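First up is the structure itself, then whatever we jot down about it.
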Amino acid sequence: MSAPATGPTASDAELLRVMLADLADRQVTVLASLRTWRKFTLTLAVVLLVVLPLFALLAPHLGGSLITIRHEVAAAGSPTVVDRLSSGDLAQIELWGALGGTVGIIAALGRIPISISPSSLQVAQLILKPIAGAAVALLGVVLTQGGIFNQIQPVSTGAIAAYAGLFGFGQEFLTRLLDKRASSLVATATPKAA
């Protein structure tokens with residue numbers, strides 16, 4: 001005769017309750033990390049979105065030689081000519097950089113795992129790229145054209161848009177660090193298929 005089947009004991013039920021509570025706590029912690037990282041990414045995007053136009057509007061009026069274009073006059077041995085960048089010039093550099101950052105979105109789409117989740121972290125990452133592209137382009141053009149580094153020769157005024165676009169795409173190297181951290185958080189939050 002076989003022994004009667006016994007159900008879970010009180011200690012088994014307590015162990016299961018503790019395990020489920022621990023799992024729920026871990027899930028809440030991971031989701032909180034995702035939300036925190038999304039808030040950081042979106043806050044950075046908003047700050048840059050506010051600062052960049054203000055910089056383009058106010059920088060030409062602050063004086064100094066930081067926002068200048070230096071180029072050689074066509075005649076050999078002629079002195080360097082310095083032209084100040086206007087607000088419109090700075091805005092164009094930022095727009096070309098944002099376009100380069102938008103191209104960076106295409107490069108990132110193959111690398112960033114897109115998942116349907118309430119955190120929308122991947123969307124925040126993609127929103128940041130064009131804005132970061134504008135910031136990197138502005139910084140890159142100002143550094144190359146401002147004569148801050150003697151080793152880097154200023155480019156002609158016609159090539160500034162191309163350089164701004166390249167610098168804008170160059171944001172990909174900076175935002176890739178943020179993308180790696182975000183991808184690891186998403187991987188932690190995504191349930192594994194059994």
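The values are calculated or read from the model by the stated rules, or taken from the named source; none is laboratory data. Please read these numbers as outputs of a predicted model, since none were measured by experiment. With ideal geometry, Cβ positions are generated from the backbone for all residues, glycine too; neighbour counts draw on all protein chains shown. Heads up: the accessible areas ignore ligands, DNA and RNA and are worked out on the full protein's heavy atoms, side chains in. Shrake-Rupley method; radii C 1.70, N 1.55, O 1.52, S 1.80 Å.
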How many nm separate the modelled label positions at M19 and R84, each set 7 Å beyond the Cα in the direction of the Cβ? 7.2
Between S120 and A162, how high is the FRET efficiency from 1/(1 + (r/R0)^6) when r is the Cβ-Cβ distance and R₀ = 41 Å? Nearest 0.05. 0.75
What order do V51, V186 take when sorted by accessible area (1.4 Å probe), most exposed first? V51, V186
Separation in nanometres of the label points that stand 7 Å from Cα toward Cβ, at T43 and T188: 1.8
How far apart, in nanometres, would the label points at L109 and H61 be if each is projected 7 angstrom from Cα along the Cα-to-Cβ direction? 4.0
